[in-house]
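Only the coordinates and a few stated rules stand behind these numbers; no lab work does. If you're wondering where the values come from, they're calculated on a predicted model, not measured in any experiment. Neighbour counts are summed over all protein chains in view; Cβ atoms, including those assigned to glycine, are modelled from backbone coordinates with ideal geometry.
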Amino acid sequence: MAEVTRNTLETRIRLKVNLDGTGQARLKTGVPFFEHMLDQIARHGLVDLEIEADGDTHIDDHHTVEDVGIALGQALSKALGDKRGIRRYGHAYVPLDEALSRVVIDFSGRPGLFWEVPFTRALIGRFDVDLAREFFQGMVNHAGMTLHVDNIRGFNAHHQCETVFKAFGRALRMAAEPDPRTAGQVPSTKGSLVG
């Protein structure tokens, strides 16, 4: 479990994550579609998330979404510590009707986002689809993970986005869970997975 507070001139965020949770989410960001996506991470990753964000959404949702990603990345890094005994790698394919996405995670200590999501429209309700990438970029940079995200097919942008967040939740669950065969070792020939 880890808790992070992030206060800037643009946002004020309090975030708590429990990687050994049951999929419960308490979310208050002021960005309803984003909360729907964060709930997918919690439910499908069996991660408990508490997020309160107060941002300058009167301008747009960018700062709130990006800064929640940064805070979540910081919390994941804290919760995983030196990553001793975790599986390290996780992957998932998730469909939703016509849409199919694949997400692959490596808690390598090296940030990298490889994003191939050809959204079929620019807005889902009022949510700018570019913000999905901004969320993951902020998280990746601060969690020290390599993340590959591919939407393989789909024509409904809501479905495309939802499969990405669900697949991320499932891949996170796999990568962060204990590996009983490692005897508590760091899963790296280097002996360290810290940035």
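Tabulated values for the structure
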| quantity | calculated |
| --- | --- |
| 0 to 90° range, to nearest 10: angle between helix 130-143 axis and the chain longest Cα axis | 20 |
| Length-normalised contact order for the chain - Cα pairs under 8 Å, 6+ apart - percent | 27 |
| Under 20 Å, Cα to Cα: Lys pairs in the chain, sequence gap 8 or more or different chains | 6 |
| For the chain, built as a Gaussian network whose Cα springs stay under 10 Å, the top-fluctuating residue of Ile41, Ile70, Ile152 | Ile152 |
| For Leu80, Leu72, Leu113, order by how many other beta-carbon atoms lie within 10 Å, fewest first | Leu113, Leu80, Leu72 |
| Degrees, to the nearest 10: 62-80 long Cα axis against longest axis of the chain | 10 |
| Gyration tensor over alpha-carbon atoms, the chain, equivalent ellipsoid semi-axes in Å | 26, 20, 14 |
| Distance from segment 1-31 to segment 92-164 (C-alpha centre basis), Å | 20 |
| Sites Trp115 and Asp60, calculated FRET efficiency, Cβ-Cβ separation with R0 25 Å, nearest 0.05 | 0.80 |
| FRET efficiency for Thr8 and Ala122, using Cβ-Cβ distance with R0 set to 30 Å, rounded to 0.05 | 0.70 |
